[in-house]
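Here is the structure we will look at, set down as structure tokens.
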Amino acid sequence: MSSNKIIASKLLGSILQSGKELELRAATQTTHWNRPTVVAGEAMRAGATKAIEGSGKALPKNTARLVVR
């Protein structure tokens, strides 16, 4: 099975994680599917922010961008 690579994404905003500002994006195209950019909006941002902040897991130290699918 081939991997599902992100080809394009839409900027949703930024998030503060462990004192570092990270770019938050939503995937709009992968090698297997396309998502209309209108769908990648506030609801995805709110859900992703809640999941990331609630995970309690540390991100790798060089992380600058988070892309949700």
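Data overview
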item	result
Residue pairs meeting the criteria (Cβ under 7 Å; at least 6 apart or on separate chains; first in contact (Cβ under 8 Å) with a residue 12 or more places away in the chain and over 18 Å from residue 6 (Cβ atoms), in region 40-69; second in a loop (DSSP other than H, G, I, E, B) and small (Gly, Ala, Ser))	58/18
Extreme residue, modelled with the lowest pLDDT, among residues of region 24-39 that are in contact with a strand residue (DSSP E or B) (Cβ under 6 Å, 6 or more places away or on another chain) and within 17 Å of residue 7 (Cβ to Cβ)	37
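The values are calculated or read from the model by the stated rules, or taken from the named source; none is laboratory data. Quick caveat: nothing in here was measured; it's all calculated off a predicted structure. Virtual Cβ from ideal backbone geometry, glycine too; neighbours counted across all protein chains shown.
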